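Working notes, structure below.
The values are calculated or read from the model by the stated rules, or taken from the named source; none is laboratory data. These figures come from a predicted structure and were not determined experimentally. As a convention, Cβ positions derive from the backbone with ideal geometry for all residues, glycine included, and neighbour counts pool all protein chains shown. Note: accessible area is taken over every heavy atom of the protein model, side chains too, but ligands, DNA and RNA are not part of it. Shrake-Rupley method; radii C 1.70, N 1.55, O 1.52, S 1.80 Å.
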Number of protein chains: 2
Amino acid sequence: MPKITIAQNILAANDTIAQDMHQVLTTRGIRTINMMSSPGAGKTTLLERTIEGLRGQLEVGVIEGDIETGNDAERIEAAGAETVQINTRGACHLEAHMVRDALKEINLTGMRLLFIENIGNLVCPAAWDLGEDIRIVIASTTEGDDKPAKYPQMFAISQIMVVNKIDLLPYVDYSLEKVRRQALAINPNLRIFEVSCRTGEGLDVWCEWLSAFVHGTT
Amino acid sequence: MPKITIAQNILAANDTIAQDMHQVLTTRGIRTINMMSSPGAGKTTLLERTIEGLRGQLEVGVIEGDIETGNDAERIEAAGAETVQINTRGACHLEAHMVRDALKEINLTGMRLLFIENIGNLVCPAAWDLGEDIRIVIASTTEGDDKPAKYPQMFAISQIMVVNKIDLLPYVDYSLEKVRRQALAINPNLRIFEVSCRTGEGLDVWCEWLSAFVHGTT
């Protein structure tokens, strides 16, 4: 009985769906970003600010992953982006088939940039390809500056790290230099942005980069 | 082929090991607490402060769960508690057999209170019994006050919620009243402590409660 291969089979099936989705999205001229972080690092707030920052420049869509509640999708919709909510009902990460089903419920016409907000979890989502072009991990200054070393896989598979909540640096023990060093030791190609979604610091640089990413000029 | 029952079999096997451990620990007069939270909510720092607060009153031991690194175990050892480190090498939660193996490496003589610090993850650890007497979830004021509603299982299976980082309340959008209300709606029996591991606020009440818990007077 091939018990020990089950996990691999599931991942292989996931990757096939993810590759098909990637092809569909790319053909439509849509770039896709898988956003991952701990619970409460600021994924939804960064999305709200990003949608505001790109308004009038880029049509943005969002697939919102949550275990329960539709709160985040309501926030994103209020910010003005086409949104669909996935509730995983207990599952700790999104899988490609969930995103595929969500894509059927979202209007892709005119969309240039699609964010997939994963479940708040620094471990499990790292293993699942969702058809994205790039993966970003959001770290927050209130989580401690040891997270890259303690959750290395997430930082190894991401192309971008956004350090959020830099407005709180005066009130916490957090070394930006240490977190940069740890993250780059794991992944030397990681691109790093430092922002405060509360004060807006750094968001212009982030939005400019996203715009260039969509237009293929990064 | 009974493929779909595998997860249940694993959980059943886990629970058997957990029950055996619980019996062994109880017979030795040791009370055991499974600590869970998001990454960076402050599990290790709360342990450091708790060990300081109980020094001379209660012998404390700690089993430290991390995906990688031995940093937390070093911090706990420096704080003066008997410690053993588990590295899960990618796994998103502790399981009972890991704790059983760790118990062989720790000196239980004189110990009255054993903390098991789980992997930083608000989802997966909730499903795994580790032989504990009680489970505590640590929420932090920097994570947002919607966490009980978004990760209900963790709050449903815990007996205690510790809200940490209350010193940062002036700088974040966080309603203690809202988080209390959400958490109690999910679990009306949840006991709630509010602390700052940075300033020490609330830690005396927390340590008094722990002492009473060990002495069976709660």
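Listing for the model above:
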read-out	value
Test result for A:ARG180, in contact with a Ser or Thr (Cβ under 7 Å, 6 or more places away or on another chain) and more than 9 Å from every other protein chain (Cβ to nearest Cβ)	no
Every residue from region A:49-65 that is closer than 21 Å to B:VAL172 by Cβ and open to solvent by less than 30 Å² (accessible area, probe 1.4 Å)	A:THR50
Region A:133-159, subset farther than 15 Å from A:GLY42 by Cα and of a type in the set (A, V, I, L, M, F, W, C), residue most open to solvent (accessible area, probe 1.4 Å)	A:ALA156
A:LEU11 vs. criteria open to solvent by 40 Å² or more (accessible area, probe 1.4 Å) and either among the β-branched types (Val, Ile, Thr) or in contact (Cβ under 8 Å) with a residue 40 or more places away in the chain (or both)	yes
Criterion (of a type outside the set (A, V, I, L, M) and within 19 Å of A:ASN121 (Cα to Cα)) met by exactly one of B:ASP145, B:ASP173	B:ASP145
Residue ranges of helices (runs of 4 or more DSSP H) in region B:20-103 with at least 3 members in contact (Cβ under 8 Å) with a residue 24 or more places away in the chain and hydroxyl-bearing (Ser, Thr, Tyr)	B:43-54
Residue within region B:161-172 that is more than 11 Å from chain A (Cβ to nearest Cβ), within 15 Å of A:GLY40 (Cα to Cα) and crowded, with 18+ Cβ neighbours inside 10 Å present	yes
Residue list for region B:127-160, filter: at the interface with chain A (Cβ under 9 Å from one of its Cβ atoms) and closer than 18 Å to B:ASP66 by Cα	B:ALA127
Failed item, numbered, when B:THR32 is tested on (1) hydroxyl-bearing (Ser, Thr, Tyr); (2) more than 12 Å from chain A (Cβ to nearest Cβ); (3) more than 14 Å from the chain's Cα centre (by Cα)	(3)
B:ARG89 being at positive phi and open to solvent by 60 Å² or more (accessible area, probe 1.4 Å)	yes
Per-region count, region B:188-207, residues without any contact (Cβ under 8 Å) to a residue 40 or more places away in the chain, more than 17 Å from the chain's Cα centre (by Cα) and farther than 19 Å from B:THR44 by Cβ	3
